[in-house]
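**Q** First, the structure itself, so that you have it in front of you.
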Amino acid sequence: MNSPNSDAVVPPRHVAVIMDGNGRWATARHLPRAAGHSRGVEAVRSTIETCARRGVEYLTLFAFSSENWRRPADEVSLLMRLFVSSLQREVGRLVENGVRMRVVGQVDSLEPELRRLIRDAEDRTEGNERLNLTVCASYGGRWDIVQAARALAKRAAREGNLSAIDEQRFAAELAPAFAPDPDLLIRTGGERRISNFLLWQMAYTELYFTDVLWPDFDADQLEIAFGWFARRERRFGRVESTLSRP
Ligand code: IPE
Ligand code: IPE
Ligand code: MG
């Protein structure tokens with residue numbers, strides 16, 4: 001259960017999560033990796049609901065990376081089937097909870113049935129405003145930077161004007177351009193790395209690493225991360241005494 005004072009901590013506006021450790025969770029219980037992925041879906045549901053309840057505005061979840069295609073074919077196909085069944089089962093709940101869902105990544109590489117369900121989920125939740133949920137699927141930070149660079153280069157060539165390329169216009173071409181940069185990154189599962197997640201957007205994100213495996217990451221764990229975040233002093237390159245200046 002939540003501690004009585006946990007709601008007193010102001011949550012970050014944008015939380016990004018690398019949901020890692022499903023396989024190890026299952027292996028530790030002598031279960032197939034699939035069991036860990038299924039339990040992982042429950043942690044996704046609880047995280048979405050806690051973020052919605054706590055007033056987080058943006059939640060971005062790393063579900064499947066560009067590099068995860070290198071896993072054995074049966075694990076990839078299991079993950080895709082889980083994505084399909086989660087969409088079939090959970091979208092009604094998202095609608096009820098006021099969650100707007102978007103998927104970003106190389107959606108073209110996903111199967112047609114999954115693409116259809118994604119489109120349907122995005123359409124059905126389009127009017128929701130309580131929590132912006134972004135699921136990164138077949139996503140890689142380098143892929144996103146390259147596709148944005150191509151789009152900008154095309155425009156600069158058309159306009160014959162290199163000054164059409166600046167940080168703001170570059171950021172606007174990135175796939176999750178509708179969201180502000182993440183304030184807090186949570187990575188479960190014990191690794192201290194970024195694994196090609198939101199490379200451009202995490203320039204000033206606070207990085208929280210926990211050994212807790214994703215299927216065990218519950219509302220209490222999320223509150224611990226929020227408490228840690230609330231104690232960070234974000235300087236953005238300034239010195240402490242000037243932090244309140246614009
Ligand atoms: C995260 O758990 C889920 C995905 C990457 C899709 P893992 O499957 O990476 O679990 P571990 O890291 O092997 O324990
Ligand atoms: C990162 O986890 C990707 C997702 C959680 C979707 P990985 O398990 O793929 O990361 P590495 O391979 O350990 O860096
Ligand atoms: Mg992993």
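**Q** For a quick check, take a GNM of the chain with Cα springs below 10 Å and name the residue from Asp74, Asp20, Asp218 with the largest mean-square fluctuation.
**A** Asp74
**Q** Take the alpha carbon atoms of segment 106-171, find their center, do the same for segment 80-96, and report the distance between the two centers in whole angstrom.
**A** Centre-to-centre distance over Cα atoms comes out at 22 Å.
**Q** Then there is this: To the nearest 10 Å², what's Arg238's accessible area with a 1.4 Å probe?
**A** 100 Å²
**Q** How long, wide and thick is the chain, going by the Cα atoms along their three principal axes, in whole angstroms, largest first?
**A** 59, 49, 35
**Q** What number, in percent, do you get for the relative contact order of segment 11-231 if the mean sequence gap of Cα pairs under 8 Å and at least 6 apart is divided by its residue count?
**A** Computed value for segment 11-231: 30 percent relative contact order.
**Q** Still on this model: Given a 1.4 angstrom probe, I'd like the percentage of the accessible area of the chain that is carbon and sulfur, rounded to a whole number. Write down the numbers at each step before the final one.
**A** On the way: 6430 of 13010 Å².
Carbon with sulfur: 49 percent of the solvent-accessible area.
**Q** Next question. For the chain, modelled as a Gaussian network with Cα springs under 10 Å, which listed residue fluctuates most, Asp211, Asp181, Asp166?
**A** Highest fluctuation of the listed residues: Asp166.
**Q** Which chymotrypsin sites (Phe, Trp or Tyr not before Pro) in segment 117-181 pass both tests, a DSSP loop state and at most 15 other beta-carbon atoms within 10 Å? Numbers along the way, then the final one.
**A** Numbers: sites: Tyr139, Trp143, Phe170, Phe178; in loops: Phe178.
Within segment 117-181, the qualifying chymotrypsin sites (Phe, Trp or Tyr not before Pro) (loop, at most 15 other Cβ atoms within 10 Å) are Phe178.
**Q** Hey, another quick one. Counting other Cβ atoms within 10 Å, keep those with at most 10, restrict to DSSP loop, and tell me which chymotrypsin sites (Phe, Trp or Tyr not before Pro) in segment 1-83 are left. Walk me through the numbers on the way to the answer.
**A** Details: sites: Trp25, Tyr58, Phe62, Phe64, Trp69, Phe83; in loops: none.
Loop-located and lightly packed - none at all.
**Q** Around Phe178, under 15 Å between beta carbons, what's the net of Lys plus Arg minus Asp minus Glu among the other residues?
**A** Working: positive: Arg13, Arg100, Arg102; negative: Glu57, Glu122, Glu126, Glu129, Asp144, Glu173, Asp181.
After counting each charged neighbour, the total is -4.
**Q** Follow-up. Please give me the summed charge of the neighbours of Leu59: other residues whose Cβ is under 13 Å from its Cβ, Lys and Arg +1, Asp and Glu -1.
**A** Working: positive: Arg13, Arg45, Arg53, Arg54, Arg100, Arg102, Arg130; negative: Glu49, Glu57, Asp183.
Overall, the nearby charge balance is +4.
**Q** Still on this structure: Solvent-accessible area per residue for the chain at a 1.4 Å probe radius, Å²?
**A** Working: 13010 Å² over 246 residues.
It amounts to 53 Å² per residue over the chain.
**Q** Would you check the accessible area of Arg33, probe 1.4 Å, heavy atoms only, in square angstrom rounded to 10?
**A** 100 Å²
**Q** Using the Kirkwood radius over Cα pairs, work out the Stokes-Einstein diffusion coefficient for segment 70-126 at 4 °C and 1.567 mPa s, in µm²/s as a whole number. Each step should come with its number before you reach the end.
**A** Working: Rh = 12.0 Å.
The Stokes-Einstein estimate is 108 µm²/s.
**Q** Still on this structure: Using DSSP to call loops (not H, G, I, E or B), can you name the GluC sites (Glu not before Pro) in segment 118-158 whose Cβ has at most 13 other Cβ atoms within 10 angstrom? Don't skip to the answer; put the middle values down first.
**A** Working: sites: Glu122, Glu126, Glu129; in loops: Glu126, Glu129.
Those satisfying the criteria are Glu126, Glu129.
The values are calculated or read from the model by the stated rules, or taken from the named source; none is laboratory data. Owing to the predicted nature of the structure, the values given are computational and were not obtained by experimental measurement. Cβ: placed from backbone, ideal geometry, glycine included. Neighbour counts: every protein chain shown. Areas reflect the complete protein model, heavy atoms only, side chains present, ligands, DNA and RNA absent. Shrake-Rupley method; radii C 1.70, N 1.55, O 1.52, S 1.80 Å.
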